[in-house]
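Notes for the one structure printed next.
The values are calculated or read from the model by the stated rules, or taken from the named source; none is laboratory data. None of the values given here were measured: they were computed from a predicted structure. Cβ placement follows ideal geometry from the backbone for every residue including glycine, while neighbour counts extend to all protein chains displayed. Each accessible area value is taken on the protein alone, full model and side chains, heavy atoms only, with ligands, DNA and RNA left out. Shrake-Rupley method; radii C 1.70, N 1.55, O 1.52, S 1.80 Å.
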Amino acid sequence: MTKRHVELPDEMEASLAEFIATVDERLAGEEDTCEVVEEVLVDLHGDRPAYDRWQDGEAVSPAERVRLQSYDPCNATLESEYYAEKDEERFRESKHLQWLWRQFDATPMADNVAFALRFRRMLADHLFDECGDDCRFFKGITFTYGHNITVGDNVVVHDDVHLDDRGELEIGDRVSISDGAHVYSHDHDVVDQTEISNYRTVVEDDARITYDSMVRAGVRVGENAIVGAKSVVQRDVPAHHIAVGQPAQSVKIKPGWEDVADPLDAEGGDTEARRIEYDLPEDLEVFDEFQRDLSPPE
């Protein structure tokens, strides 16, 4: 092993455990999630005195009012708010939890690794569709919704990773996703970029997605495979292969796995088989931010 076990001082450990257990219990209980998130963020950001004054009807400045109102996730908007094909009922809940995750990352406590990893792991139980044991989520991770993500056991996701679950994202056991990587589950039409296709993207057990790489929607990164740094994966990576480049190509089989791996020139799977169909509401008022004429020239 290349890492050592780290422990917090007993007093800090006791405070940390009590705080995480309290938030976990409140999120799992009958309280309104929006109210729980608001109160937790008020206290994490040290704004309780101003918040109480505001709640008691005392005067606050316009800037203070906006800041205090913004702890309430019902007063916030995320980019994914605009996506028409999402499950609105599930999003109402996951939006609140995602807001808590993001705003926690804006606090000084987010840099206390022993605390922050455990807090995010607790939130993952409430936000993700499924999350396994002993997972580690570092700072700056973003999601589209969160509720379309399935994570196995002993997964590590490092700083500033984007996990796009506009479609579905399945991450297996013991997967490592390095800093700055982006894993997508939706794609845009090349002519009309407002036309969206959603997919199920799969990262299988023991795979490694390394620094600053990108996995395109619908791709399957096979068991025990490696995606090299800054690579762009546009087709499936077979199990035990090392894929590098833009676009990524298999260049090597991991030593010791040659007898069980497909050959380097093996054909990848069909990403279209992982497309997720969806229906839009009949009464949807379409918002087209580009207003382009997409007709080809005559």
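Overview of values
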{"item": "Qualifying residue in the stretch 220-235 (condition: of a type in the set (A, V, I, L, M, F, W, C), under 22 Å from the mean Cα position of the chain (by Cα) and under 23 Å from Asp87 (Cβ atoms))", "result": "no"}
{"item": "Residue in the stretch 62-69 that is open to solvent by less than 70 Å² (accessible area, probe 1.4 Å), touching a Ser or Thr at 6+ places or on another chain (Cβ under 9 Å) and modelled with pLDDT of 95 or more present", "result": "no"}
{"item": "Residue identified as at pLDDT below 95 and open to solvent by less than 60 Å² (accessible area, probe 1.4 Å) among Leu27, Leu8", "result": "Leu8"}
{"item": "Count of residues meeting criterion [open to solvent by 80 Å² or more (accessible area, probe 1.4 Å) and more than 22 Å from Val36 (Cβ to Cβ)] in the stretch 70-94", "result": "2"}
{"item": "Condition broken by Asp205, with the remaining ones in (1) within 24 Å of Asp134 (Cβ to Cβ); (2) acidic (Asp, Glu); (3) in a strand (DSSP E or B) satisfied", "result": "(3)"}
{"item": "Inter-residue pairs, beta-carbon under 7 Å, first of a type outside the set (A, V, I, L, M, F, W, C) and assigned to a strand (DSSP E or B) and in the stretch 156-168, second open to solvent by less than 40 Å² (accessible area, probe 1.4 Å) and at pLDDT 95 or above, 6+ apart", "result": "Glu168/Asn148; Glu168/Ser185"}
{"item": "Residue within the stretch 185-195 that is under 21 Å from the mean Cα position of the chain (by Cα) and part of a loop (DSSP other than H, G, I, E, B) present", "result": "yes"}
{"item": "Residues located in the stretch 243-253, provided they are assigned to a strand (DSSP E or B) and surrounded by fewer than 22 Cβ atoms within 10 Å (Cβ to Cβ)", "result": "Val244, Gly245, Gln249, Val251, Lys252, Ile253"}
{"item": "Among (1) free of Cβ contacts under 8 Å to residues at least 60 places away in the same chain; (2) within 30 Å of Ala181 (Cβ to Cβ); (3) of a type in the set (Val, Ile, Thr) - the single one Val40 does not satisfy", "result": "(1)"}
{"item": "Residues that are of a type in the set (A, V, I, L, M) and under 29 Å from Arg65 (Cβ atoms), drawn from the stretch 9-55", "result": "Val23, Leu27, Val36, Val37, Val40, Leu41, Val42, Leu44, Ala50"}
{"item": "Residue that is most open to solvent (accessible area, probe 1.4 Å) [pool: residues in the stretch 217-234 that are in contact with a Lys or Arg (Cβ under 8 Å, 6 or more places away or on another chain) and assigned to a loop (DSSP other than H, G, I, E, B)]", "result": "Gln234"}
{"item": "The stretch 122-143 - residue that is surrounded by 17 or more Cβ atoms within 10 Å (Cβ to Cβ) and more than 27 Å from Pro108 (Cβ to Cβ) and, of those, nearest to the chain's Cα centre (by Cα)", "result": "Asp129"}
{"item": "Residue in the stretch 281-288 that is open to solvent by 80 Å² or more (accessible area, probe 1.4 Å), in a loop (DSSP other than H, G, I, E, B), of a type in the set (Val, Ile, Thr) and more than 23 Å from Gly172 (Cα to Cα) present", "result": "yes"}
{"item": "Residue count, the stretch 116-155 (criterion: at negative phi and not in a strand (DSSP E or B))", "result": "27"}
{"item": "Residue, surrounded by the fewest Cβ atoms within 10 Å (Cβ to Cβ), within the stretch 176-204, restricted to residues that are aliphatic (A, V, I, L, M) and without any contact (Cβ under 8 Å) to a residue 60 or more places away in the chain", "result": "Val190"}
{"item": "Filter result (of a type in the set (A, V, I, L, M, F, W, C) and touching a helix residue (DSSP H, G or I) at 6+ places or on another chain (Cβ under 8 Å)) within the stretch 1-11", "result": "Val6, Leu8"}
